[in-house]
1. Quick one: which of B:27/C:137; B:208/B:259; B:149/B:302; B:244/B:276 span more than 24 angstrom between C-alpha atoms?
2. Would you mind checking the tilt of helix B:227-248 against the longest principal axis of the Cα atoms of chain B, expressed as 0 to 90 degrees and rounded to 10?
3. Report the calculated FRET efficiency for residue A:305 and residue B:65 (r = Cβ-Cβ distance, R0 = 35 Å), to the nearest 0.05.
4. Averaging over every viewing direction, what projected area does the convex hull of the Cα atoms of the protein assembly as shown cover, in nm²?
5. Which angle between 0 and 90 degrees, to the nearest 10, do you get for helix B:480-500 versus the longest principal axis of chain B when only C-alpha atoms count?
6. To one decimal place, what orientation-averaged projected area in nm² is obtained for the convex hull of the Cα set of region B:355-559?
7. Take the Cβ-Cβ distance between residue B:193 and residue A:339 as r, set R0 to 60 Å, and report the resulting FRET efficiency rounded to the nearest 0.05.
8. Just in region C:134-177: which trypsin sites (Lys or Arg not before Pro) are loop by DSSP and have at most 15 other Cβ atoms within 10 Å?
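Please treat every number below as a calculation from the coordinates, not as lab data. Just so we're clear, the structure is a prediction, and the values are computed from it rather than from any experiment. Backbone-built Cβ (ideal geometry, glycine too); neighbour counts: all protein chains shown.
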Amino acid sequence: MTALYFVTLAILVAAAFLIGRHRAQSLIAGGAPSLHSLPSYHGMLPMAAVLVAMLLTFVIGSNIVARYAQSSSLAMLGAETVADPLKRSAGFRDIQNIAIGKHSGDVPMLLKEAAEQFASASTFGNWMVYGLGTLLGLFAMGYFISRISPVYRARNIFETFILVVMGICATVAILTTIGIVFSVLFETYRFFFDPSLKGRPTVSQFLFGTEWNPQAALRADQGDIKTAFGFVPLLTGTLLITAIAMIVAGPLGLFSAIYLAEYATPRFRAWVKPILEVLAGIPTVVLGFFAALTVAPLIRGWGEAYGLSVASESALAAGLVMGMMIIPFISSLSDDVINSVPQSLRDGAYALGATKSETIKNVILPAALPGIVSAFMLAISRAIGETMIVVMAAGLAANLTANPLEAVTTITVQIKTILVGDQEFDSAKTLAAFALGFVLFVVTLILNIIALQVVRRYREQYD
Amino acid sequence: MTDIAGADAPVLRLDMTSDAAKRRIRKRYAAEARFKAYGLAALAVTTLFVGALVFDIIRNGIPAFTQHSLTMDVAVPDDLVPTATRSDPLAIRGADYFPVTRDALKAAIPGIESRRGERTLVRLLSTGAPDVLRDRLVADPSLIGKTVKVPLLLSDDADLYFKASSTSIVKRGGIGTATPSGTTGEITILTSSNDFAAEVVTIKQAAKAKADALAIEAARLTTFGGQSVAQRVTEINAEIAELKARFDSPKIEEILDAKLPSKLVEINGGLVKLTKITDVSVTGEVLLPLASAADAKPGDWKVVTYTTAESNRKVSDQEVAFLERFREKGMVDRHFNTLFFTSGDSREPELAGIRGALIGSLLTLFVTLVLCLPIGVLAAVYLEEFATKNRITDLIEVNINNLAAVPSIVFGLLGLAVFLNFFNFPRSAPLVGGLVLALLVLPTIIIASRAALKAVPPSIKEAALGVGASHQQAVFHHVLPLAMPGIMTGTIIGMAHALGETAPLLMIGMVAFIVDVPTALTDAATVLPVQIYLWSDLPEVAFKLKTAGAIMVHLSQKEV
Amino acid sequence: MDMSQQTLTPEKAVTQQVPTSAKVVARDVNVYYGEKHALKDVSINIPDKSVTAFIGPSGCGKSTFLRCINRMNDTIPSCRVKGTITIDAQDIYDPALDVVQLRARVGMVFQKPNPFPKSIYENVAYGPRIHGMSRSKADLDQIVESSLRKASLWEEVKNRLQESGTALSGGQQQRLCIARAIAVSPDIILMDEPCSALDPIATAKIEELIDELSQNFCIIIVTHSMQQAARVSKRTAFFHLGLLLEEGETNEMFTNPTNEKTQAYITGRFG
């Protein structure tokens, strides 16, 4: 059905262009005074019209059809099923499976009828969409082709259309942000304030609680599981790993940048830069694998050799590898910043008889400081938001500790743990993940905005 | 302020010749060298890390590209598939191949009667081993009833045994004449010489060393005193007494447990695993049946040691015995692991492949590219060339820069809440994955495209406008083509980023265990990095190698 | 003065050519930027405690030569210098010579004012500090004050020494850079078109300052302005296409040039 629709769309689009252009060309051949727009614009205008009409019809139409088919088939299963979200989704999955013939085993009569209803509603609806779409497409084509004349300003109208399309594209980024904000904000609001939600914490319990255990008691006999949504251990865990990462990456990244920018010969740079780029390009899942299977056992072995007890998923291992991930980030940003310090400042210091390192320490670094600070802030923001390394190398236990040899958990690990696998959308546990996502978004956003603002000022100062 | 005329003030001359000045300059140069060394050291550490990472991945990953099979003569019974249905491939596919391969194994090592031995033997083969035979028979039904030579895939543990050689095997000839008491089950072997004296001495010395250590511990504890300590000391003393009894009388029998290197005797074509040992006689369990219970002359039988203790390896002595026997017979065959590239995921490491994940990645990236390239370029063109600078475009610009730094997992939350729960898109589908990744890399592409557009000299556009082109014609005909190389670089960087992205895809359910290779954008699928994550989480060592192998494929793919 | 004469006695050629004492002596200096031959066989004697101006059209090599005198060209990787330059008879391209100490003796002021993004005080104090010229805060204060006074900037900034050096006006910034250069009490001050980025009033102040400083320092100034050369310098050297075409007393050269190119240039027929 979908395929047929798009084949028709393609045919109509091609037809609209060819007919439109041909009409315009025959006007020229017929000795008309010069056309305002080129023939191809007379072709592209109806083409765009067909495309927009048919695509819109498809997107809106098939959505309506899907919703109608779902609700009408579910209605046949009784009001009780419709009311309960769990049963509803299970019932609908059955219906879909039966309808496409994937369901095995005996099928109750009721379900079978519902599936038939679903199938017939879908089929009917889809044909309706097809008919409507084709009709609208033909109409749009006919309208714009009928307007073709030597004075018709096809190019201007088409260019306005393109301008609108470009404007819409530019707002996609805004829409994404709005989408993020609303999706996390809405669920976060429900997490704290929805009265029908069992086990929801208050805002202060969340912000200042020191215990994190999102496991909800699913059955009555599991009543002794204590649910707690205290955010503090996640925050300290995240900050601990971030701090380790920055301790590793800060000096290494900065000194690498200084050496590459100020000391390295072009040949040396050409050799070393790609190494940093390789490191920057390694997917974090690979680094996570390395952290979990190589670095963590290594640290554990060393620790035991000195009589220290090291958790097999220590914060240190995750932090170290995360630091390595951030090195190229810090070094490339700092490198840019250092390079944008004007040469005249260096000359000024050299002319006074300063050595290279004195010039760097006393003149270049202070001048580049705002840029370097913002590079560090962006790096921290990245470390806080990094997921795969900590998922694979840090633990799940929400320990409140500052010992890097113990296992800690982070915000991202908890989001991933709660949301991966089957989850119902109305439990406090699921919503907690969105609340965590909200915190993560806000924290990183603040860091980013400040950092970008600082960089902007810095750029303006030397441009 | 008193009038100290600047020019007349006593001038502090720069002193460069005194010893203090020389010391000072030496210090400054030392600081210079130190500072430079820090920079080099930072780069060296980073390089070292990259090297260690790459080396570690390659070391682990290389074995994933090969596999071991047993090449065996398999007698296919005539009644496996009834003659009437042999023309139907489905009937041949549906036949039960397990007994066929089991019988072939038993024929290869005759004389295994115990159920345990048999089970161990059968488990050496992968559950997917008969597939080769099945495919052979489907292709040529006339082979049914004949004996076919086929490579049967080994299980992951057996495969690893050959790859990692988890124990070394030491053999030495027997000095005396050995007399076994039977051919199967538990037997005793007597020897005419002190063949096992060395082993017995080693074990007894170890016992003595342990007793000495315990004695020191007991002495240390007694200095503390107290009830619980006294009890512990009593226990230790009892243990010491027991050990003392063993090492005091050299004739007493020693027991070999799984914590010691395994000792075996190879005799009359069979293999016996020793459990009890004295200088001149050993008792043990037959792993490979003996041909006869006849005496073996000196040099005709051997004492075998598996130097790694049984408790320290994944394969048991029995399995090692079988595998070594197969190796001696030249049946073990090492070959390139084609399954790794041609099959989907599997619970069995030796059958698992990355094809499903590769195709999943491809489909997902296709969606990403189709969405974010046109949208990104058009947005960049709009912002750079057409938008009037006002609050809204300013907001868009700030917004794009910030979006580029939002953690990827937050995009996963967006996908989950908006695409799955609000729009009811299918879970685990490349379509949704591609959508989420498109939003994720869109800022990267817009920023790169804008930079590329900005780099085109304005004179080009002015020239086009000068000959009467419209603003859009000037941009699309002249500016955009010149900016295209920069835009493409940005797009490639964005795509590489999307290819390695894992976290947001976990959120939208692309972590399911999916065996089938996806064929459509709405099929349940996974992608390569997620596959790496899934495999790395599994306990089997073989999956660790697979993960590293998949990473090698992944990285090489990214390099391209 | 005695010192320099003593040290110069072995250099017979030098004493013969220059009746007065020569602070800087260059012999057959050639400079290459990669393949480009930027300076060809330049030989010159520059006297102490006076102003010497280098003039010539753009790209003639005058700035290149200036940067050879404190070895600033070392910071350009592709640059090679051949020939000898001596200061007080000491070869400054001697491998044993410490370039850091050389630059402490030869100060430099650049075309564009380049104060460090630090306070006025720190800008001036930076040089004395790295060279360890002061034992106490009071010493340093004194050096800063006297340097700023010599640069005629003290009265303008004495109440805001802790403000950023970049907040000053262009002319003040350039005087700050001069103060920074003289704070380490160099023997020689090199000035690379110090007034090209300044307005006429600021230029006049700097010129006045140069005149004052010439009582104590050997000043070498590169300028593209003939009037400036005529106003401030005692001697002038004319560079053209990497060659030193003519050199002598400024008055003489401007009234009666021996080289026709010099004449063409100073009368404004090319430049």
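1. Working: B:27/C:137 21 Å; B:208/B:259 17 Å; B:149/B:302 33 Å; B:244/B:276 18 Å.
Among B:27/C:137; B:208/B:259; B:149/B:302; B:244/B:276, the Cα-Cα distance tops 24 Å for B:149/B:302.
2. The answer is roughly 50 degrees.
3. Values: r = 34 Å, r/R0 = 0.98.
E between residue A:305 and residue B:65, to the nearest 0.05, is 0.50.
4. Numbers: hull surface 311.5 nm².
Its average projected convex-hull area is 77.9 nm².
5. 30 degrees
6. On the way: hull surface 52.1 nm².
Computed as one quarter of the Cα hull surface, the answer is 13.0 nm².
7. Numbers: r = 81 Å, r/R0 = 1.35.
Step by step, r from the Cβ atoms, then E = 0.15.
8. Working: sites: C:135, C:137, C:149, C:150, C:158, C:160, C:175; in loops: C:135, C:158, C:160.
Hits after loop and neighbour filter: C:135, C:158, C:160.
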